[in-house]
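Asks: I'd like to ask some things about the structure below.
The values are calculated or read from the model by the stated rules, or taken from the named source; none is laboratory data. These numbers come from a predicted model, not from an experiment. So basically every Cβ, Gly included, is an ideal-geometry build from the backbone, and we count neighbours across all protein chains shown. Just the protein is used for accessible areas: all its heavy atoms, side chains included, with ligands, DNA and RNA removed. Shrake-Rupley method; radii C 1.70, N 1.55, O 1.52, S 1.80 Å.
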Amino acid sequence: MTPIEALSPAARAAPQDDHALRWMGWRLRLLVGAALLGCGGLFLLARGLADAEQLVGPWQAGAAGGIALGAGAGDALEAHAGKRLVALSAGTHRLELPDALVLRRSPRWMIDDEARARHRTLHAALSELLHEPAPRMHFSDGAQVDVPLRHLGFDGLGGTFWLMSAIALALYLSAMVMVLADPSRHNLLYALMALCQSGNLVFIAAASTPRLGLPQAIAEWDMTARMAFDFVTAAAAVQLCALHAPHIRAAQGLAAAAWAFAAVLIALQAFGWLTHAWWWTQLGVVALCLLGVAILSAAHRLQADPLVLQLRRFGLLVAGTWILLTLAIVTAMRMASAAHPLTGVASTIWIVFLASLLLLVPFFARSQQILREFSLLAAVSTVATSLDLLFVAVFSFGAFASLTLSFFIALAVYAGARQWILNQLLSRTRLTTERVFEQLYRSVREVESHPERTPDLLLKLLRECFEPMQAGLGDDRLGATRIEDRGATLVAPVPVLAPDPVAPAAGTSVRLRHAQRGRRRFTIEDARLADRIVEQLRRAVLFDRAVEQGRNEERIRIAQDLHDDIGARLLTLMYQAQSPEMEEYLRHTLKDLKTLTRGLAKGNHRLSHAAAEWKADLTHRLTVADIAFGWTFDAGRDVSLNVVQWSALTRILRELVSNTIAHAGATRVDISLQFDGDRLALEVTDDGRGRDPLRWSHGLGLGGVRKRVKQLGGDVEWDEVEPRGIRCRVRVPALSSGP
């Protein structure tokens, strides 16, 4: 089971045996345990930060590069607001603070190795100093203030801490769900990436508390741990790309090389042997991302796969924003006199963006609009902060001008990207709706006539909806549509619509691969749409059958009433007839009534049987009228006529022969009935005295013929024959698909 299938309602609805249910119970318990473990870990972190004695205050970087005390520091320090803090002392310890380096929250995003080492030394000394009671602040004007240490408390940790912690917990739980749902290689790699970025978020949360220094563990391990998190994430991404490129022999070798490269750099950093660590991290992660994108591109060229295409887009998006952020930070640090305050904000936003992408991947088969909007906003925020850094550093824009220009550019990017996503997601739905309603009615009619063609008709419907690269019938037996191969395949059940309840041995499912000609993968919405199409097809056929059954019952009732009432009266009149001619007329009328009622009660008629009845009836009528009769019937195949078709053809033949008997004065009538494919051709030719059919006045008789031919979807015409007589031609181009 893949991540998509694990979360699919169709997969959840699939029948499971007791063994699977027991495992589901164990998995649920493990998930609850993992959730409790994650919540407990965050609680212990929050409690440790809240209970530790801190030097709390509104610290900020001063105009000259030092540390300044902001407003709102409390009654004891209110008089010193705005002054520069130059040193801290406690007991025998004194810590000089010549600049604002101690305010930098993340050593991971400091470019210079020396600055990072001094940052670590400063925080080690500050941590040791804070173990002494009542430290003393030394300001630039010579003032000294003793300030007691105090606890932050849970409410003093700040909103950033709780937000980053919540995202970290969500990412951690997502990893646990994927691993417990199916411990496959794909899911394990996803979980590894999610856990690494969850660790990044925890470091950001711990460093965001409003205190002068960082926790000692954060200051000591921030660079090494977060460098490891980024490299492991990138190497796992390369490995995941290699798994989606089974046809490329070198893919697994490249993935192994990526792991080795990441392991060597992490080990060198852990032992302190790596110089220019920040540059190695930034460029190394970019190289691994581009390597993964190259593998996916090669795999897509060999075999089109929408999931590979989607992963490549994710990879390009991540690599592009990472490169932009790197350039912005380097430019700001190299060209600005001091670190821009947005440097830390930009890196944090990028981590949140990556975390949101990882949260989005397992649920991408669902329409999680809020999560998609959140990811898009995080990406655009990364672009905006990076551009702000570049504008300030390169063009020396003012804060307002830089922020305004960055905002409008990011807004344009957001609008364009959002519209593109909506077009990708919604245009397909509009086309699908039009195509479904265009073909569903025709398919229902064909299924009614040919239930054995249900698999082919459903295959045609679903192919029109999803435009797959490959489509065919399978022998899967399932109760609902399911998604396979991580969204590459959709399997829909074929409803059993044959009159007998036994399902056919073949063609029990429809299998589609690579939606929209390989541009995207199938989603849960697609599975639901396919289920709706199958259900609507089944309901429409059953509804029409119920309607037809009601019609048949009503026809039988009418036929019975005609037979019992009108037939009995005609029979009485025949026995009471005053002359032999009247008796013979009533006898023929009674025979016609029996033919009509028998046809109404029967419902469907085979064309060959109906032709035999027509021949017998017309032979009798023309013989009585002393008119010679010629009959020709030729059918390539036998079809079933419904009541409307049978009744229309019967009345057409009777009306044409009645006109000949009554008005033509003919001595011979020839009738030809040809059925080839779906085309029916009927000709009635006499040698009577009728001439110039264009001048005829079409009364009820001929008007009725035209009306019934039109009802069948055909056309009729009359013309003269030489040396005398009239020929009537009736053509029905599609008899089997008629009413």
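Asks: Take region 516-530 and flag every residue that is surrounded by 18 or more Cβ atoms within 10 Å (Cβ to Cβ) and closer than 22 Å to P495 by Cα. Please lay out each step first, then the result.
Replies: First pass over region 516-530, keeping only residues surrounded by 18 or more Cβ atoms within 10 Å (Cβ to Cβ): 518, 520-524, 526-527, 529-530.
Result: F522, T523, I524, D526, A527, L529, A530.
One line per residue, one yes/no per condition, for (1) of a type in the set (S, T, N, Q); (2) farther than 26 Å from L302 by Cα; (3) touching a residue at least 40 places away in the same chain (Cβ under 8 Å):
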{"site": "L169", "(1), (2), (3)": "no, yes, yes"}
{"site": "A191", "(1), (2), (3)": "no, yes, no"}
{"site": "Q197", "(1), (2), (3)": "yes, yes, yes"}
{"site": "L201", "(1), (2), (3)": "no, yes, yes"}
{"site": "M227", "(1), (2), (3)": "no, yes, yes"}
{"site": "A237", "(1), (2), (3)": "no, no, yes"}
{"site": "C241", "(1), (2), (3)": "no, no, yes"}
{"site": "W259", "(1), (2), (3)": "no, no, no"}
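Asks: Checking I266 against (1) within 30 Å of L28 (Cβ to Cβ); (2) touching a residue at least 40 places away in the same chain (Cβ under 8 Å), which test does it fail?
Replies: (1)
Asks: Out of region 181-218, which residues are more than 23 Å from H151 (Cβ to Cβ), open to solvent by 40 Å² or more (accessible area, probe 1.4 Å) and hydrophobic (A, V, I, L, M, F, W, C)?
Replies: Scanning region 181-218 gives L188, L192, L195.
Asks: Going by the conditions given, is A245 in a helix (DSSP H, G or I) and either without any contact (Cβ under 8 Å) to a residue 60 or more places away in the chain or crowded, with 18+ Cβ neighbours inside 10 Å (or both)? Give the derivation first.
Replies: On the way: in a helix (DSSP H, G or I): no; either without any contact (Cβ under 8 Å) to a residue 60 or more places away in the chain or crowded, with 18+ Cβ neighbours inside 10 Å (or both): yes.
No: the conditions fail for A245.
Asks: Looking at region 132-152, can you tell me whether even one residue there is buried (at least 16 other Cβ atoms within 10 Å of the Cβ), modelled with pLDDT of 80 or more and under 22 Å from E220 (Cα atoms)?
Replies: No, region 132-152 contains no residue that is buried (at least 16 other Cβ atoms within 10 Å of the Cβ), modelled with pLDDT of 80 or more and under 22 Å from E220 (Cα atoms).
Asks: Could you list, in sequence order, all residues of region 446-456 that are in a helix (DSSP H, G or I), modelled with pLDDT under 80 and open to solvent by less than 90 Å² (accessible area, probe 1.4 Å)? It would help to see each step written out before you state the result.
Replies: Of region 446-456, the ones in a helix (DSSP H, G or I) are 446-449, 451-456.
Add one more test, that the residue is modelled with pLDDT under 80, and what stays is 446-449, 451-454.
Correct list: E446, V447, E448, S449, P451, T454.
Asks: Assess whether G636 counts as being closer than 17 Å to R621 by Cβ and touching a residue at least 24 places away in the same chain (Cβ under 8 Å).
Replies: Details: closer than 17 Å to R621 by Cβ: no; touching a residue at least 24 places away in the same chain (Cβ under 8 Å): yes.
Answer is no for this residue.
Asks: Given the criterion within 13 Å of C289 (Cα to Cα) and of a type outside the set (K, R), identify the matching residue among A219, A251, A234.
Replies: Working: A219 fails: within 13 Å of C289 (Cα to Cα); A251 fails: within 13 Å of C289 (Cα to Cα).
Residue meeting the stated conditions: A234.
Asks: To continue, here is another question. Is it the case that region 308-315 has a residue that's more than 26 Å from I349 (Cα to Cα) and of a type in the set (A, V, I, L, M, F, W, C)?
Replies: First, pick out the residues of region 308-315 that are more than 26 Å from I349 (Cα to Cα): 308.
Next cut, of a type in the set (A, V, I, L, M, F, W, C) only: 308.
Within region 308-315, one or more residues are more than 26 Å from I349 (Cα to Cα) and of a type in the set (A, V, I, L, M, F, W, C).
Asks: To continue, here is another question. If only one of A166, A194 is over 21 Å from A237 (Cα atoms), at pLDDT 85 or above and aliphatic (A, V, I, L, M), which one is it? First the steps, then the outcome.
Replies: Values: A194 fails: over 21 Å from A237 (Cα atoms).
Residue meeting the stated conditions: A166.
Asks: A662 versus (1) in a helix (DSSP H, G or I); (2) surrounded by 14 or more Cβ atoms within 10 Å (Cβ to Cβ); (3) modelled with pLDDT under 85: which is the lone unmet condition?
Replies: (2)
Asks: Given the residues V709, V684, V730, which is the only one that is modelled with pLDDT of 85 or more and outside any strand (DSSP E or B)?
Replies: Answer to the selection: V709.
Asks: Quick one: how many residues across region 204-218 are touching a residue at least 60 places away in the same chain (Cβ under 8 Å) and β-branched (V, I, T)?
Replies: 2
Asks: Give the residue, chosen from A236, A217, that is in contact with a helix residue (DSSP H, G or I) (Cβ under 9 Å, 6 or more places away or on another chain), assigned to a helix (DSSP H, G or I) and closer than 22 Å to T121 by Cα. It would help to see each step written out before you state the result.
Replies: Values: A236 fails: closer than 22 Å to T121 by Cα.
Criteria check complete, one pass: A217.
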